[in-house]
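The values are calculated or read from the model by the stated rules, or taken from the named source; none is laboratory data. All values derive from a computational prediction rather than experimental measurement. In this analysis, Cβ positions are derived from the backbone assuming ideal geometry, glycine residues included, and neighbour counts consider all displayed protein chains.
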Amino acid sequence: MAEILQSPSRQVLPSACPLDCPDACSLEVQVEDGRVVKVDGTHLNPITQGYICAKVRRLPEHLYGPDRLLYPARRVGRKGEASFERISWDEALDLVAERMRQARERWGGESVLPLSYGGSNGLLTQDTTDARLFYRFGASRLARTVCAAPTNRAAAGLYGKMTGVVPQDFVHSRLIVLWGVNPSATGIHHVPILQEAQRRGARLVVIDPRRTPLAKKADLHLAPFPGADLPVALSVLRWLFEEGRADLEFLAAHATGWEELRRRAAPWTFGRAAEASGVPAADLELFARLYAGTSPAVVRAGWGFERNRNGGSAVAAALALPAVAGKFGVRGGGYLMSNSGAWSFDRAGAMGAAEPATRLINMNRLGETLAERDDPPVGVLFVYNCNPLMTMPNQEKVRRGLEREDLFTVVFDQVWTDTARYADVVLPATTFLEHEEVSRGYGALVLQRGRPVAVPAGESRSNPEVFAALCRRLGLARPGEPETGEELADVLLGPGDRRQADLDRDGIAFPDAGPAPVQFVDVFPNTPDRKIHLVPEALDREAPHGLYAFQPDPATERYPLALISPSTNRTISSTFGQLYREQVPLEIHPADAAARGIGQGDAVRIWNELGEVRTVARLSADLRPGLVLLPKGLWSRHTQTGATANALAPDTYTDLGEGACFNDARVQVERVFQ
Ligand code: SF4
């Protein structure tokens, strides 16, 4: 950093993107006088190919825009009013430490709830000194379940989180199935790979209730109703077994539970699955024949189809397909879910504290926890790497909880989020370009270390620094333990770690299995017996009605429309939402709009028993009838009333992993005359 300050000329410095995205791009950052002026991609990470997404291109605006949090501040107005006065770091940290102490004296350590998720996937920004602080303090623990909990349960139960097919290997596939994933918005580097695969003759199947850009270019598009992907997968599994297309030799050698899976799939004829999912039976059969008859075939499972009451079983059934159809053992064949399981790090060493057996709070019930629980109540909520008011289900209940006068809320963030408006103390955080970071992809198998390239804006500080300072104030620090980003990175990777040597030499490291392992050649299931468990006992016990049991649609006469809230190419969850000002419309099918007298651009009200959102309508034939769409990651500024899709999302749980059921929101829509 000193070097940057002393050298005012323009520099181009390497970095790596740690945001919640599969690619972990390698970056080059143009810096002038310690300020970032441009961010672009390099070729160091093979998937980056020298370009990056539009979101991260806007990083300079994020860093230096009007919403950047520059100084610690204390609330002086009402909660939600965003009235604050600047204070020093010492005052802020003293106040936070004091309020944590008071809460512990009054209600016990569990009355402090740390809440963090997804603001950065950087390995130093979460689960290092923050965990050390909250574990040693005896705070409540957080179940981070708002995304990927059901998919993780399914992938771990069936395969022990076996490493998947890397996106670059899709060019070797002859059939690619994109299931509940929209790479045009959430994985742009996959798009040219898919195009190249198609140019080489691969067939593309897209399973998504919307006609996504790639669905328009697909050979087959299946549009199941939200929550009905499970019958689609089960009907294909049934057909594979019934038609003698299951690879029984492979199953006998490498899988358990296939007979039970066959029994559970048996009732799902194409006709019955068509009725449940809204996908024509002929299309289901076409998909089954295409999948059985084409190799290498890869299933790219995204996170879109986990967010409902059947989500865990649906993902498990989709991941069972390559096992039953015998698609492993060739490059470009198998599945890709999350590749986070490809890595191991010394997290315990970096935390320096064992996880206590304190109460576990599911973040999907944040509203209920803040507004209703008193066993003990949450006295201090410490929010970092997260904007829970805009990202958790049952938004109005979260808001009511944040409004509690006896709740002390700390928000430690990079920008003035909607949640920060309800804080008692705000603390400014550095971005990954201003601090040390370690980034690893969960699609691309790459590990990179990013050094600080810019001077921290205002008085912003890094997460490790702030949590270490709080440890000291609360008497929880121990001499000699790692505190700085650099020290923590060295512990995470461990002395003598081959990856550290690779990073020092090449700037990038790959897992032991290499950058592009082949499933059942280079990598195998990480289950105890190294086999695939198609009906794992633990998952079967966990699912309320048993694994692969289908729960019908929750629509009612009052709330007949299914609301989905998928990711867009503008934000990563809610990160970067402050960069957009304009109102975001509700997308509705022209037939549903006509039935309600709604025209293009009309003001509309969307509501159910949990809340109400007002915005304008955009008619879209890319949705199937019965479906409406309001994107994920909106801020209060993007609707007329400040509420977003999360205000209409129930805080019920998925069948596996107690995940969020965003796509189980059922709503009504009407035109509003203003
Ligand atoms: S968000 Fe994803 S695509 Fe964008 S720069 Fe980061 S890793 Fe690359």
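Among the listed residues ALA501, ALA469, ALA477, identify the single one that is at pLDDT 95 or above and assigned to a helix (DSSP H, G or I). It would help to see each step written out before you state the result.
On the way: ALA501 fails: at pLDDT 95 or above; ALA477 fails: assigned to a helix (DSSP H, G or I).
None of the others qualify; the one that does is ALA469.
Show me the strands (runs of 3 or more DSSP E) found entirely inside segment 9-124 where at least 1 residues are surrounded by fewer than 16 Cβ atoms within 10 Å (Cβ to Cβ).
Values: elements: 11-16, 26-32, 35-41, 73-75, 84-86, 112-116.
Those strands (runs of 3 or more DSSP E) span 11-16, 26-32, 35-41, 73-75, 84-86.
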Taking LEU95 and the conditions (1) away from the ligand (no atom under 16 Å from the Cβ); (2) in contact (Cβ under 8 Å) with a residue 12 or more places away in the chain; (3) in contact with a Ser or Thr (Cβ under 7 Å, 6 or more places away or on another chain); (4) not small (Gly, Ala, Ser), which numbered condition does it fall short on, given that it satisfies the others? (3)
Only one of (1) crowded, with 21+ Cβ neighbours inside 10 Å; (2) at pLDDT below 95; (3) of a type in the set (Gly, Ala, Ser) does not apply to ALA131, and that is (2)
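I'd like to check something: does segment 25-41 contain any residue that is among the polar types (S, T, N, Q), over 28 Å from the mean Cα position of the chain (by Cα) and away from the ligand (no atom under 16 Å from the Cβ)? Walk me through it before giving the result.
Taking segment 25-41 as the starting set, the residues that turn out to be among the polar types (S, T, N, Q) are 26, 30.
Next, from what is left, pick out any that are over 28 Å from the mean Cα position of the chain (by Cα): 30.
If we keep only those that are away from the ligand (no atom under 16 Å from the Cβ) as well, we get none.
Checking segment 25-41: not a single residue is among the polar types (S, T, N, Q), over 28 Å from the mean Cα position of the chain (by Cα) and away from the ligand (no atom under 16 Å from the Cβ).
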Suppose the filter is of a type in the set (Ser, Thr, Tyr) and either touching a Pro at 6+ places or on another chain (Cβ under 6 Å) or within 16 Å of the ligand (Cβ to nearest atom) (or both); does SER9 pass it? no
Answer with yes or no whether THR556 is under 22 Å from GLN640 (Cα atoms) and assigned to a loop (DSSP other than H, G, I, E, B). no
Counting residues that are of a type outside the set (Phe, Trp, Tyr) and either away from the ligand (no atom under 16 Å from the Cβ) or at positive phi (or both), which helices (runs of 4 or more DSSP H) fully inside segment 128-240 reach at least 1? 129-137, 149-159, 190-199, 213-216
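Output the residues belonging to segment 316-360 that are in a loop (DSSP other than H, G, I, E, B) and among the basic types (Lys, Arg).
Step one: of segment 316-360, the residues in a loop (DSSP other than H, G, I, E, B) are 326-333, 337-339, 343-346, 352-359.
Residues satisfying the conditions are LYS327, ARG331, ARG359.
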Hits in segment 423-461 - residues which are among the small types (Gly, Ala, Ser) and either free of Cβ contacts under 8 Å to residues at least 60 places away in the same chain or within 13 Å of the ligand (Cβ to nearest atom) (or both): SER439, GLY441, GLY443, ALA444, GLY450
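Does segment 603-612 include one or more residues that are in a loop (DSSP other than H, G, I, E, B) and under 30 Å from ALA54 (Cα atoms)? Before the answer, list the steps.
We begin by selecting, within segment 603-612, every residue in a loop (DSSP other than H, G, I, E, B); these are 609-610.
Filter again for under 30 Å from ALA54 (Cα atoms), leaving none.
So far as segment 603-612 goes, no, none of its residues is in a loop (DSSP other than H, G, I, E, B) and under 30 Å from ALA54 (Cα atoms).
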